1. Here are A:164, A:143, A:178: which of them is under 29 Å from residue B:294 (Cα atoms) and modelled with pLDDT of 95 or more?
2. Can you tell which of B:94, B:72 is touching a residue at least 12 places away in the same chain (Cβ under 8 Å) and over 24 Å from residue B:123 (Cβ atoms)?
3. Scanning for something within 14 Å of chain B (Cβ to nearest Cβ) and basic (Lys, Arg), does the stretch A:128-144 turn up at least one residue?
4. Residues being of a type in the set (A, V, I, L, M, F, W, C) and farther than 17 Å from residue B:29 by Cβ: count how many of those fall in the stretch B:279-319.
5. Between a residue in the stretch B:165-176 that is within 11 Å of another protein chain (Cβ to nearest Cβ) and any residue that is acidic (Asp, Glu), which pairs come within a Cβ distance under 8 Å, given they are 6 or more apart or on different chains?
6. Mind counting the residues in the stretch B:255-298 that are hydrophobic (A, V, I, L, M, F, W, C) and part of a helix (DSSP H, G or I)?
7. Can you tell me which residue is farthest from residue A:263 (Cα to Cα) among those in the stretch A:170-203 that are part of a loop (DSSP other than H, G, I, E, B) and among the charged types (D, E, K, R)?
Protein chains: 2
Amino acid sequence: MKDVVLGIDIGGTYTKYGIVDRDGNSLYESFTSTSKYNEFDAYLENLHVEFEESMETIKEKVNLAGVGIGAPNGNYYRGTIEYAPNLNWKGVIPVVDKLKEYFKDIPVVLTNDANAAAIGEKIYGSAKNMRDFIVITLGTGLGSGIVVNDELVYGHDGFAGELGHTNVKLRGRQCGCGKKGCLETYVSATGIKRTVFRLLAERISSSELRDISYNELTAKMISEAAGKGDEIALEAFEYTGRILGAKLADAIAITSPEAIFLLGGLAKAGDLIMQPTKKHMEESLLPIFRNKVDLLLSGLHETNAAVLGASALAWKELG
Amino acid sequence: MKDVVLGIDIGGTYTKYGIVDRDGNSLYESFTSTSKYNEFDAYLENLHVEFEESMETIKEKVNLAGVGIGAPNGNYYRGTIEYAPNLNWKGVIPVVDKLKEYFKDIPVVLTNDANAAAIGEKIYGSAKNMRDFIVITLGTGLGSGIVVNDELVYGHDGFAGELGHTNVKLRGRQCGCGKKGCLETYVSATGIKRTVFRLLAERISSSELRDISYNELTAKMISEAAGKGDEIALEAFEYTGRILGAKLADAIAITSPEAIFLLGGLAKAGDLIMQPTKKHMEESLLPIFRNKVDLLLSGLHETNAAVLGASALAWKELG
């Protein structure tokens, strides 16, 4: 019987999950809604039902050996999600304890979603031989997983790696966390959308984006417009890359990684986001760090990177 | 015979050194000029002569077991000082190799001056029981030593911990490193002096600082003026604390330390710098980090903190 783990990636809108073997092969993968559940208990019950159904579809005989969870504001030490700005569930959610009610004798481990992605990059991706690297997830928000001396940085309270809430502007954009001017309000799928809307207000150039409402607009539409030469879209990528580049330079000055990996919705824009980010990152670096740090797209397949990361976390725990 | 080490702290203006035993007792301590030597070889020869003279003054029989050096842009892996903006010696200086010509069979180890201070804080100071903390040195420039999981963060190239060159303003003050807007151009003994001069230009309030030239002005004079209620001086501390507080909040979001220690010339201002820094740090923190991170003055005596740090580095190497 083959050992497998359940990898769960809790995002603001969707939860992705997969049943993954030790080599990183996904035997089953699906997703369910996060945002439509106002109560964590109801969300979890649905997730567990879906998991049990999924196990029945797997032809091989498998044994569930562990559960790994990546979640926004996930605390590795306590197994909790705490005050996550992009989730409906407020306060402190004892996620691991609640899952243990369903998965009695099986190890359940949780971390920040971007930390999980960093473990996935190390075990299954492009960071296999690296001891110092950073993974940045550009989704609804901006997450980061930081590896120093071959270990994830958790910090004294388990919350390290919140690059998305570093400060860009003193009286900048309102953030879901309650502060103003956080990096993720500028650099994320949502951030670039906000930039497009500011530019639509400030510029008079025509743009196909003038026909799309705020709620309809996606990072993908902005990429497509930029691909067709839309000035507003191109300026939005340049602006996003400038802010991200300067903040990556700051992170490099602190931990001096070998490489920085980008993944998530906005990273799918490829060169549109990579080129301005790389240019401004190099300009903002102390000379001793220049042309030393690779800025790369994640080596994990976009569709299941986060699930693979959560699975890798479970396998790491199992040893 | 008692084992001792030579601890050397290379600063932009002065080099401090001491002969220190394993318990952190300083048997001899003195200083010499850094800035008047345009050639590293001449500087080193003088330092070695002074060291030999100092050994003769020690009454006990001692055995020199190691040499530890803290230096700006010091590279632990390579034993070099590389492109230090505040030193006369340009390019890459093979400091450890050159010292080995004088100290043949004795271990010589070098790191960034602020990294040395962090090791000193851990071994002799207030961070004895901490696994995650940051030390900030506020002298001519701003240095930082970052400890994560009980280990100094060196990064993949040995240059991690350059918080002084993170980016405050896109087109900000010219920095010695060649960039503009680096943190140390605002927050350091030199940085607050530059702020005072900007404020003297912008404000019309009377100030005793209007009688002092740029080259004469020191951080101590600014502290004294602030202590007497001088508006310009007080505003300079508020401004400095605002910028430092926001950047410390960023560093906390990345490594989540238990405490941050300040030391060096500007830290001697005490509450004048601590209060605005603490206030703005808390305001700029993601809520999950608030009221968790202690902002403290270094537990090492100011006069020999850096020398103790360099000595601690040598003792750490000796095991």
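1. Only one candidate passes the filter, namely A:164.
2. From the options B:94, B:72, the qualifying one is B:94.
3. Here is the first cut: in the stretch A:128-144, the residues within 14 Å of chain B (Cβ to nearest Cβ) are A:129-136, A:141-144.
Okay, now just the ones that are also basic (Lys, Arg), so A:131.
Yes: one or more hits.
4. So in the stretch B:279-319, the residues of a type in the set (A, V, I, L, M, F, W, C) come out as B:281, B:285-286, B:288-289, B:293, B:295-297, B:300, B:305-308, B:310, B:312-315, B:318.
Adding the requirement that they be farther than 17 Å from residue B:29 by Cβ leaves B:281, B:285-286, B:288-289, B:293, B:295-297, B:318.
Qualifying residue count, the stretch B:279-319: 10.
5. Final answer for the pair search is B:165/B:184; B:166/A:250; B:166/B:250; B:167/A:250; B:175/B:184.
6. 9
7. A:203
One line per residue, one yes/no per condition, for (1) among the basic types (Lys, Arg); (2) crowded, with 24+ Cβ neighbours inside 10 Å:
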| position | (1), (2) |
| --- | --- |
| A:102 | no, no |
| A:119 | no, yes |
| A:125 | no, yes |
| A:133 | no, yes |
| A:148 | no, yes |
| A:155 | no, yes |
| A:173 | yes, no |
| A:177 | no, no |
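The values are calculated or read from the model by the stated rules, or taken from the named source; none is laboratory data. Source: prediction; values computed, not measured. Glycine gets a Cβ as well: all are built from the backbone with ideal geometry, and neighbour counts include every protein chain shown. Protein only, heavy atoms only, side chains kept; ligands, DNA and RNA dropped before computing areas. Shrake-Rupley method; radii C 1.70, N 1.55, O 1.52, S 1.80 Å.
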